[in-house]
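Note sheet for the following structure.
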Number of protein chains: 2
Amino acid sequence: MQLRVIPLGTSAGRPTLLRGASALAVQAESGWMMCDCGEGAQLAAWRAGLSLSRLEAVLVTHLHGDHFNGLPGLLGTMSLEGRERPIFVSGPPGLREALETLVRVGSLGVRFPVIAVELTGPGGALELPEEIHASFEVVTAPLAHRVPTYGYRVSLPDRPGPLDFRAAIDAGVPPGPLLGELKEGRSVTLPGGRVVKPDGLVGPTIRGISVAYTLDTVPCAGAVELGRGADLLVHEATYEHARAELARERGHCTGVEAAQIAAQASAKKLLLTHFSPSVEGERVADEAREIHPDVVAAADGAGIELSSNRPE
Amino acid sequence: MQLRVIPLGTSAGRPTLLRGASALAVQAESGWMMCDCGEGAQLAAWRAGLSLSRLEAVLVTHLHGDHFNGLPGLLGTMSLEGRERPIFVSGPPGLREALETLVRVGSLGVRFPVIAVELTGPGGALELPEEIHASFEVVTAPLAHRVPTYGYRVSLPDRPGPLDFRAAIDAGVPPGPLLGELKEGRSVTLPGGRVVKPDGLVGPTIRGISVAYTLDTVPCAGAVELGRGADLLVHEATYEHARAELARERGHCTGVEAAQIAAQASAKKLLLTHFSPSVEGERVADEAREIHPDVVAAADGAGIELSSNRPE
């Protein structure tokens, strides 16, 4: 299994000609999720070859316009495209009021269910509709910005390790459905009544690929928690480190601080995004590389492939 | 005096890679106005070389997302750019509730006054703040769409005709301020007490250039009224004429119908816009050319210059 992460907008505060407002796609084989939905995200998704019909959820970190303004248009376009199945949308309190008002004044017309969930308290596992849960698991945690903000971790489900076929057959499990059950990591009862457990026959669980998405925020525990052991931490890096004080005042991070979070969380790879139009992303990434060995400066449309974890 | 009209988005319903959602700039020497503000309008304005600091007003026809979704981001960006002076925004009822809700939930942060005027009843001359009125005059009239919708006519003020200097001096007006007064079309009192009127010395009033903007609508009296004698009528032409019935059902026009409106209104030039992603604009314009002699299919970013009217 693979995940593809595609930055759809990597600018802070406003879209520019080179960087759209915040949005990012997390794409699995079965469908994809959007993290944040700044103005222009629907077109950026189109440019990236993503089909809106396969979009499962939009995970909004906070309601600042550069993370939210693309959502009404995205929903409207999906309705024009004839979508009927529900979409899941999460975000901080106020999300529902904003969407409901736009519907009431006639601005937003959707002919499919929008399951809008407002996040409160300490976060945790998101209860997703069953058909989405099969593909993705999502965990949230509060970040520390100027307004209520939640980060996300999007993961593929864990999978059982590889089955040692020869050992299983030697243990008496006949080829067929019972072997399939065992491969899924479940104990099986043989025709004679004997129970064969997967232990020793099925390798250690393969952890699903995980992507943490933590913007906007100052350095905070929530970002470390979401990024812990992640295959990819997507962290905001609004300013270069010389402007750390300004970043803090405005509720943001520098690339160096993002790398410190990534190192603390033992995230394997760090994707920096949400660059102020006044900074050069590559320069911010260079600073971060002093702290973390695998740092990429996000560029609109430049996808990153994450391959399946293998047992170590 | 000149006006430049720049289509910023010419698609119906949703932005596409070739055509943005509805928006159009009317640019004078002193500043500019935006008609409708679909998603992406702020970037289209930037691409067209328009400065947001010189934007005087946003005239919204109706609140459907493809005409409105760019407004919150536009206002947010102007605030980031440090705007302090007011902006004028007009639109149908619901405009204020939408903007106020976005402010309340923390989505829209503006640090300058937004003068939001909701249009009701039969329309008429818009009362603009004094500093805008000096450059533009705006008249509104209701259109006939699926939701409350208003069209606009944006004009430069009329100007007095040219002064016949020789005749004025022969009439005893001395060079200097009095001659200037006369040139502005006002009577002057000479040092000896005699009054000289402009009649016969100042040519007929030069009508200010006018642009009517009428979308979305079925063929209606309001569009004819706004387009009457306009230098340019910008009219929606969502479908080719073979789909006139569908157009009517959905509250839209064909290019042929738009041309009939333009002919009826004696509008000098017709700019067709708001093309369904399923039609080819040039083909719709070709059909309209059977009815009106001067038809242009709008293309994003392709500006049209309108030169000062001369007395006939």
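Figures for the structure shown
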item: Inter-residue pairs, beta-carbon under 7 Å, first within 8 Å of another protein chain (Cβ to nearest Cβ) and in segment A:95-107, second part of a helix (DSSP H, G or I) and β-branched (Val, Ile, Thr), 6+ apart; result: A:Glu97/B:Thr101; A:Ala98/B:Thr101; A:Thr101/B:Thr101
item: Count of segment B:228-249 residues which are open to solvent by less than 10 Å² (accessible area, probe 1.4 Å), among the acidic types (Asp, Glu) and over 30 Å from B:Ile209 (Cα atoms); result: 0
item: All positions within segment A:108-126 that are more than 14 Å from chain B (Cβ to nearest Cβ) and of a type outside the set (A, V, I, L, M); result: A:Phe112, A:Pro113, A:Thr120, A:Gly121, A:Pro122, A:Gly123, A:Gly124
item: Failed condition for B:Ala259, given (1) surrounded by fewer than 21 Cβ atoms within 10 Å (Cβ to Cβ); (2) free of Cβ contacts under 8 Å to residues at least 60 places away in the same chain; (3) not acidic (Asp, Glu); result: (1)
item: Residues located in segment A:50-67, provided they are away from every other protein chain (no Cβ under 12 Å) and either without any contact (Cβ under 8 Å) to a residue 24 or more places away in the chain or not in a loop (DSSP other than H, G, I, E, B) (or both); result: A:Ser51, A:Ser53, A:Arg54, A:Leu55, A:Glu56, A:Ala57, A:Val58, A:Leu59
item: Residue within segment A:4-12 that is open to solvent by 10 Å² or more (accessible area, probe 1.4 Å) and within 12 Å of the chain's Cα centre (by Cα) present; result: yes
item: Segment A:1-49, residues that are closer than 25 Å to B:Ala48 by Cβ and more than 14 Å from every other protein chain (Cβ to nearest Cβ); result: A:Thr10
item: Qualifying residue in segment B:300-311 (condition: hydrophobic (A, V, I, L, M, F, W, C) and in contact with a helix residue (DSSP H, G or I) (Cβ under 8 Å, 6 or more places away or on another chain)); result: no
item: Tabulated pairs, segment B:156-181, first basic (Lys, Arg), second in a loop (DSSP other than H, G, I, E, B) and open to solvent by less than 40 Å² (accessible area, probe 1.4 Å), C-beta under 8 angstrom, 6+ apart or interchain; result: B:Arg159/B:Gly208
item: Boolean, A:Glu225 is assigned to a helix (DSSP H, G or I), within 24 Å of A:Leu306 (Cβ to Cβ) and open to solvent by 30 Å² or more (accessible area, probe 1.4 Å); result: yes
item: Yes/no for A:Gly121 being touching a helix residue (DSSP H, G or I) at 6+ places or on another chain (Cβ under 7 Å) and either under 18 Å from B:Glu100 (Cα atoms) or open to solvent by less than 50 Å² (accessible area, probe 1.4 Å) (or both); result: no
item: Hits in segment A:13-42 (condition: within 22 Å of B:Pro72 (Cβ to Cβ), of a type in the set (A, V, I, L, M) and crowded, with 24+ Cβ neighbours inside 10 Å); result: A:Ala21, A:Ala23, A:Leu24, A:Met34, A:Ala41
item: Residue, farthest from the chain's Cα centre (by Cα), within segment A:193-213, restricted to residues that are open to solvent by less than 80 Å² (accessible area, probe 1.4 Å) and touching a residue at least 60 places away in the same chain (Cβ under 8 Å); result: A:Gly203
item: Members of segment A:71-90 that are more than 7 Å from every other protein chain (Cβ to nearest Cβ) and closer than 15 Å to B:His64 by Cα; result: A:Leu71, A:Leu74, A:Leu75, A:Met78, A:Ser79
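Residue-wise test of (1) on the phi < 0 side of the Ramachandran plot; (2) open to solvent by 40 Å² or more (accessible area, probe 1.4 Å); (3) in contact with a Leu (Cβ under 6 Å, 6 or more places away or on another chain); (4) not hydrophobic (A, V, I, L, M, F, W, C).
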site	(1), (2), (3), (4)
B:His274	no, no, yes, yes
B:Asp286	yes, yes, no, yes
B:His292	yes, no, yes, yes
B:Val295	yes, no, yes, no
B:Asp300	yes, yes, no, yes
B:Ser307	yes, yes, no, yes
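Residues are listed down the side, and each one gets a yes or a no for (1) polar (S, T, N, Q); (2) in contact with a helix residue (DSSP H, G or I) (Cβ under 8 Å, 6 or more places away or on another chain):
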{"position": "A:Glu181", "(1), (2)": "no, no"}
{"position": "A:Val188", "(1), (2)": "no, yes"}
{"position": "A:Thr205", "(1), (2)": "yes, no"}
{"position": "A:Ala212", "(1), (2)": "no, yes"}
{"position": "A:Ala221", "(1), (2)": "no, no"}
{"position": "A:Glu245", "(1), (2)": "no, no"}
{"position": "A:Val256", "(1), (2)": "no, yes"}
{"position": "A:Ala262", "(1), (2)": "no, yes"}
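The values are calculated or read from the model by the stated rules, or taken from the named source; none is laboratory data. Owing to the predicted nature of the structure, the values given are computational and were not obtained by experimental measurement. Glycine gets a Cβ as well: all are built from the backbone with ideal geometry, and neighbour counts include every protein chain shown. When the accessible area is computed, the model is the full protein with side chains, heavy atoms only, and any ligands, DNA or RNA have been set aside. Shrake-Rupley method; radii C 1.70, N 1.55, O 1.52, S 1.80 Å.
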